[in-house]
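One structure below.
FYI, it's all coordinate maths here, none of it is from the lab. Keep in mind that this is a model prediction, so the values were computed, not measured.
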Amino acid sequence: MSRYAYVNGRYLPHSQAAVHVEDRGFQFGDAIYEVWSVRRGQLLDAEGHLNRLQRSLSELSIPSPMGPTALMMVVREIMRRNRIKDGLVYLQVSRGVAKRDHAFPDPAPRPTVVLTAKRVDAASVEAKANAGASIISQPDLRWGRCDIKTVNLLPNVLAKQAARDAGAAEAWMVDADGFVTEGGSSNAWIVDQDGRLITRQLDNAILHGITRGCVADIARGLGYEVVERPFTLEEAHAAREAFMTSASTFVTAITRIDDKPIGNGAPGSVATELRNAYQTQQ
Ligand code: PMP
């Protein structure tokens, strides 16, 4: 748990930090969020996450609560106050506080801004990633704008809980046509038998992962062919490798899907190479 949280201009002890009961984030899930990883005191992909934050706000017509420079000052201050060397910074912006009524309040209230930060043990994250992850598949029950990073995460919560119940680390969600969309909190990749990297194209069915974009660039730079198209669970089962990407897990090899081993059941060389390259270029 972080020791300090930022709420609407104030740094408060975490236990005393709160938002109003009429906050639209609480009432309607009318809020967006971002997550940055921190390693050795450095924010990873700071600009990419800032740009996506801006896009999420504008897609929902939530006014930007502060400019990027001011926001980055708050991000750094919350890291400093919580003494974060390795960890995660979480930001949420809701439409604000208003009498409960579904349509946007008029005039627009001041958006609610919350930041928290927590430490992670980088060595144990590495050890976990080196072991590879088992995952399960789940139906994708979400809405039509998964490209917006909203706090409406109930289908993701249910999928991740199903994974936990099965002793798995992640759930890949599968749409009505049998295509994998993404993980509950990560993007999905496979490496086919010809060594091509396949990940779903940036459409409204997935979050446009910042790590996904960086890893795609790195992979192309290393000479891999990256194909952006939907793939099925059957293709994933037959793949040479599978892996996931996210700000918190970087590149993590997937060794089993629904109890079927992928490749030889150990983390693959492509995922391992990309994990190392992603961390080196930060
Ligand atoms: N998809 C979903 C549903 C996520 O929650 C996340 C994590 N934020 C990702 C993909 C990965 O995105 P990023 O690389 O920007 O963390």
With bins of 5 Å, the percent of all Cα-Cα pairs of the chain per bin from 0 is 1, 5, 12, 15, 18, 17, 14, 9, 6, 3, 1, 0
Tell me, what ³J(HN,Hα) does each residue in the range 206-215 have, in order and in whole Hz, if you take phi through Karplus 6.51 cos²θ - 1.76 cosθ + 1.60 with θ = phi - 60° and put x for Gly and Pro? 9, 6, 7, x, 5, 5, 3, x, 5, 5
List the lysines whose Cα sits under 27 Å from the Cα of residue 149, skipping any in the same chain fewer than 8 residues away. 85, 99, 118, 128, 160
With equal scatterers on the alpha carbons only and no solvent term, can you work out the Debye log10 of I(q)/I(0) for the range 125-281 at 0.19, 0.21 1/Å? -1.19, -1.50
Kirkwood-type radius of the range 4-120, with distances r between different C-alpha atoms, in Å: 14.6 Å
Viscosity 1.002 mPa s, temperature 20 °C: what is the translational diffusion coefficient of the range 102-203 from Stokes-Einstein with a Kirkwood Rh over Cα pairs, rounded to a whole number of µm²/s? 130 µm²/s
Hey, what number do you get for the chain at 222 nm if only DSSP H runs of n ≥ 4 count, each worth -39500 (n - 2.57), divided across all residues, to the nearest 500? -9000 deg cm²/dmol
Give me the Kirkwood hydrodynamic radius of the range 186-243, using the inverse of the mean 1/r over all pairs of distinct Cα atoms, in Å to one decimal. 11.6 Å
Report the dimensions of the range 72-149 along its three principal axes from the alpha-carbon atoms, largest first, rounded to Å. 51, 41, 18
List, in order, the whole-Hz ³J(HN,Hα) value for each residue of the range 89-94 obtained from phi through the Karplus relation with A = 6.51, B = -1.76, C = 1.60 and θ = phi - 60°; use x for Gly and Pro. 10, 10, 10, 10, 10, 9
Scan around residue 120 for amide H atoms under 5 Å from its own, H built in the peptide plane at 1.01 Å from N, and keep only partners 5 or more places away or cross-chain. 86, 87, 88
Placed amide H near residue 140: partners under 5 Å, 5+ positions off or other chain: 174, 175
Let me have the relative contact order for the chain, percent, based on Cα pairs under 8 Å that are six or more residues apart. 17 percent
